[in-house]
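> I'd like to ask some things about the structure below.
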Amino acid sequence: MQYIFNDTKKLDSACCVSYALTEEIMMENAAMNLERIIRNRHEYKPNIDERKRRVLILCGKGNNGADGYALSRRIRIDFDVIVFQCGEPESELCKIQAERAIKCGTRIFDMKDFSLEFLQFAGIVVDCIYGSGFHGELSSKIQCITNDVNDMDCFRISCDIPSGIDSSGNVSKGTFIADVTVTMGALKMALFSDKAKDFTGKIVCGDLGVGRRLFENASANVFPAATLLEESDLILPERKFHNVNKGSFGHAVIASGEKRGAGIISAKAAFKFGAGLVSLTDLNSSDDLKAAALSFPELIISTEIPQKTTAVAFGMGLGEDENIQPYFDYLTEHTDIPCVVDADACMCENLPDFLSKRKGKTVLTPHPKEFKELLRNCSFGEVSLSDCVLDRPRLIEEFCRKFPKIVLLVKGANTMIGCFDSHKFKLFVNANGTPALAKGGSGDVLSGMICALLSQRYSALDAATNASLAHALASRQVEKSYALTPLQLIDLI
């Protein structure tokens, strides 16, 4: 796991005080991190394609630009370097670093000199225009440059944050599209907004003169905003003991309703992810379930919830509130049985009353539109869909404060999971998902996976984080991003 911070400026300052570093030392290390990416990709060799070792650095007028000037000086001999000024240096360090670059023979051009020839010159373009200090919109002149860069066949690197992304993760027109973003000191929350995901590329964290943990602990008053989930964090339900039977791994119940396919997909996912038994239930009708029984003989088909149920997932394709209410009633009576609340159930008007009565493990899994309705029904007012996407961390925390026993998983390009653990709010970010999951039924697979882990006695938080990780990592195994189906996703688990 890696920590993510809302703002690292205070950590920068605290680092200088706590470890007697200077801004110049930290800047030199920032440039070194950029240099390392360039050298690892295209170390100078006599027979290398000349264009591949040509580097164009776009420098702004502040300290992000200063990082770029320092970089130009460091690679000046081994690479053919041009600096393009996207503004006359203003900060003191930017002026100093620009002067040093000039004395080392770096070629520097002004904005008015910009032409496509600069881009055709370069195989690598480094964005050092704004970084984390950006707000508002990129100027039309900067947009012209970044749009041209984004259209070119070159390797693009951003220093700290791609220019055009602000501290909240908003994206301006003309935002620089990086292949690699080297963020300095610590990970920043802005890099993990859904909108930012198409612009950051691979995110690498660079040290600024002290180790990562020292930097993150430089101030006693700055705390992580979230934790980034990684593949190494995944705890799968591996079966370590031999003297077991199907009952040892729980009985997961998946509700089926108006749209049968959603429940069937979810049930198959629960079975695949380790549940010992899986029942597909419809408390209102059994007619259509007979076909399911023939098609999926591994599933138990039932018109009632079995006595030895260990976890329930409901809402997927259930339809009207009247189909959902019986599950509310059952789980209110059986508060010790864990449950997953998804899809239609997330938008049910009676959900707030149900959540207030729950004592057992409960995981909600809305997508952004369902999250919008969930917030409205739970008296958070009318929140716009765009805010449900961009302002998710704050909204998740507010929801979890009101319902502290609930784990809330909000789907998106970067899925976010929030809960209160030991009276402290915790937020987890899963950035491993791919566009292959943008298919009907992918969410049903996730609900079944969470239910399977709940039935195997995972905590609600562990079930949500581990199922989300496994779900995302499975999607990465598909050969073509457009070709993944829910049943193939289940196979990839």
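The values are calculated or read from the model by the stated rules, or taken from the named source; none is laboratory data. In this text the structure is predicted, and so the values were computed from the model without any measurement. Please note: Cβ atoms are built from the backbone with ideal geometry, for glycine as well, and neighbour counts cover all protein chains shown. These area figures cover heavy atoms from the full protein model, side chains too; ligands, DNA and RNA do not enter into them. Shrake-Rupley method; radii C 1.70, N 1.55, O 1.52, S 1.80 Å.
> Is there any pair linking a residue in segment 321-332 that is part of a helix (DSSP H, G or I) to one that is among the β-branched types (Val, Ile, Thr) and crowded, with 23+ Cβ neighbours inside 10 Å, with Cβ under 7 Å and at least six apart or on different chains, and which?
Filtered contacts from segment 321-332: Tyr327/Val312; Leu331/Val312.
> For the list (1) outside any helix (DSSP H, G or I); (2) of a type in the set (D, E, K, R); (3) within 21 Å of Val204 (Cβ to Cβ), I need the number of the one condition that Glu90 fails.
For Glu90, the exception is condition (3).
> Regarding Arg73, is this residue open to solvent by 50 Å² or more (accessible area, probe 1.4 Å), closer than 20 Å to Ile37 by Cβ and in contact with a Lys or Arg (Cβ under 9 Å, 6 or more places away or on another chain)?
So Arg73 fits the description; yes.
> Conditions: (1) out of contact with any helix residue (DSSP H, G or I) (no Cβ under 9 Å at 6 or more places or on another chain); (2) open to solvent by less than 50 Å² (accessible area, probe 1.4 Å); (3) not hydrophobic (A, V, I, L, M, F, W, C). Ser163 meets all but one. Number of the miss?
Result: Ser163 fails condition (1) only.
> If you take the residues in segment 454-488 that are open to solvent by less than 30 Å² (accessible area, probe 1.4 Å) and without any contact (Cβ under 8 Å) to a residue 60 or more places away in the chain, which one is nearest to Asn430 (Cα to Cα)?
Per the stated criteria, the residue is Ala472.
> Something else: If you check Ile96 against the conditions, is it surrounded by fewer than 17 Cβ atoms within 10 Å (Cβ to Cβ), among the hydrophobic types (A, V, I, L, M, F, W, C) and at pLDDT below 95?
Spelling it out, it is not the case that Ile96 is surrounded by fewer than 17 Cβ atoms within 10 Å (Cβ to Cβ), among the hydrophobic types (A, V, I, L, M, F, W, C) and at pLDDT below 95.
> A further question follows. Name every residue in segment 174-188 that is touching a residue at least 60 places away in the same chain (Cβ under 8 Å) and out of contact with any Ser or Thr (no Cβ under 8 Å at 6 or more places or on another chain), in order of residue number.
If the condition is that a residue be touching a residue at least 60 places away in the same chain (Cβ under 8 Å) and out of contact with any Ser or Thr (no Cβ under 8 Å at 6 or more places or on another chain), then Leu187 is the only one that fits.
> Would you confirm whether any residue within segment 272-294 is more than 29 Å from Leu427 (Cα to Cα), surrounded by fewer than 21 Cβ atoms within 10 Å (Cβ to Cβ) and within 32 Å of the chain's Cα centre (by Cα)?
Checked segment 272-294: at least one residue is more than 29 Å from Leu427 (Cα to Cα), surrounded by fewer than 21 Cβ atoms within 10 Å (Cβ to Cβ) and within 32 Å of the chain's Cα centre (by Cα).
> Step by step: first the residues of segment 386-421, then only those that are more than 11 Å from Pro366 (Cβ to Cβ) and of a type in the set (Gly, Ala, Ser), then the one that is surrounded by the fewest Cβ atoms within 10 Å (Cβ to Cβ). Which residue is that?
Ser386
> Follow-up question, since we're still on this one. Does segment 124-132 contain any residue that is in contact (Cβ under 8 Å) with a residue 12 or more places away in the chain, in a helix (DSSP H, G or I) and either out of contact with any strand residue (DSSP E or B) (no Cβ under 7 Å at 6 or more places or on another chain) or more than 26 Å from Lys10 (Cβ to Cβ) (or both)?
No, there is no match, as no residue in segment 124-132 is in contact (Cβ under 8 Å) with a residue 12 or more places away in the chain, in a helix (DSSP H, G or I) and either out of contact with any strand residue (DSSP E or B) (no Cβ under 7 Å at 6 or more places or on another chain) or more than 26 Å from Lys10 (Cβ to Cβ) (or both).
> Of all residues in segment 183-208, which are over 23 Å from Pro393 (Cβ atoms) and open to solvent by less than 40 Å² (accessible area, probe 1.4 Å)?
Residues satisfying the conditions are Gly206, Leu208.
> Residue by residue through segment 278-317, note down the ones that are over 14 Å from Gly263 (Cβ atoms), at pLDDT 95 or above and among the polar types (S, T, N, Q).
Residues satisfying the conditions are Thr309, Thr310.
> Considering only segment 367-383, I want to know if a residue exists there that is among the β-branched types (Val, Ile, Thr), within 24 Å of the chain's Cα centre (by Cα) and crowded, with 18+ Cβ neighbours inside 10 Å.
No; the residues of segment 367-383 include none that is among the β-branched types (Val, Ile, Thr), within 24 Å of the chain's Cα centre (by Cα) and crowded, with 18+ Cβ neighbours inside 10 Å.
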